[in-house]
Amino acid sequence: MIYVLNGPNLNRLGTREPDVYGSATYKDLADMCRTVADDLGVRVEVRQTNAEHEMLGWLHDAADEGADVVLNPGAWTHYNIAVRDACAMLRGKLIEVHISNVHSREEFRHRSVISAVATGVIAGLGFDGYRLALEHIAR
Ligand code: DQA
């Protein structure tokens, strides 16, 4: 099982700052991830939450299972040490994905507290980042 986990405000894709994140919705993103996983012959679980405790629980479960994770931590990326500590427990791969190029945006988005414990990071490629992360894990 590969977990595709999305943090706060990503349920608002489609209406949220479309100039930054595009006009496709969270459902479009989740559907695309499932289609990509089907094509790759892997099982995927796509989730989104605005609640930190829920994300921590999902990461703990992934750690217990030794599962690989594709994670868009949203704004938690930039300051959430509890999410980072949960990521550090993972035994499978962790690919950190950002839809936008965080490095071309505000200064506070340039720093990620997650990246140091991630296998790799993809930013700025839109939904393609999720596809590439799944392809990498499946390979
Ligand atoms: C984001 C970038 C973050 O800075 C922001 O807080 C998000 C989305 C992205 O996918 O580009 O919520 O992770």
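Between Val44 and Ile2, the built amide H atoms are under 5 Å apart, and every one of these is 5 or more places off in sequence or on another chain. Each Lys and Arg Cβ is given +1 and each Asp and Glu Cβ -1; about its Cα centre, segment 50-139 then shows a dipole of about 320 debye. Spacing of the modelled spin labels on Arg47 and Thr119, each 7 Å from Cα toward Cβ, amounts to 1.9 nm. At 4 °C and 1.567 mPa s, what whole-number value in µm²/s does Stokes-Einstein give for the translational diffusion of segment 1-96, with Rh from the Kirkwood sum over Cα pairs? For these conditions, the coefficient is 94 µm²/s. Counting charges near Gly57 (Lys, Arg +1; Asp, Glu -1) among other residues having Cβ under 12 Å from its Cβ returns a value of -3. Placing R0 at 41 angstrom, the Cβ-Cβ distance between Lys93 and Ala24 gives a FRET efficiency of 0.95 after rounding to 0.05.
Sorting 86-93, 65-72 by their mean Cβ neighbour count within 10 Å, with the most densely packed peptide first, gives 65-72, 86-93. P(r) for segment 6-51, from all Cα pairs and a bin width of 5 Å, is 5, 23, 25, 22, 15, 9, 2 %, short bins first.
Laboratory data are not the source of any read-out in this text; all were calculated from the coordinates shown. The model shown is predicted, which means the values in this text are computed figures rather than measured ones. Positions of Cβ are generated from backbone atoms using ideal geometry, with glycine treated the same way; all protein chains shown enter the neighbour counts.
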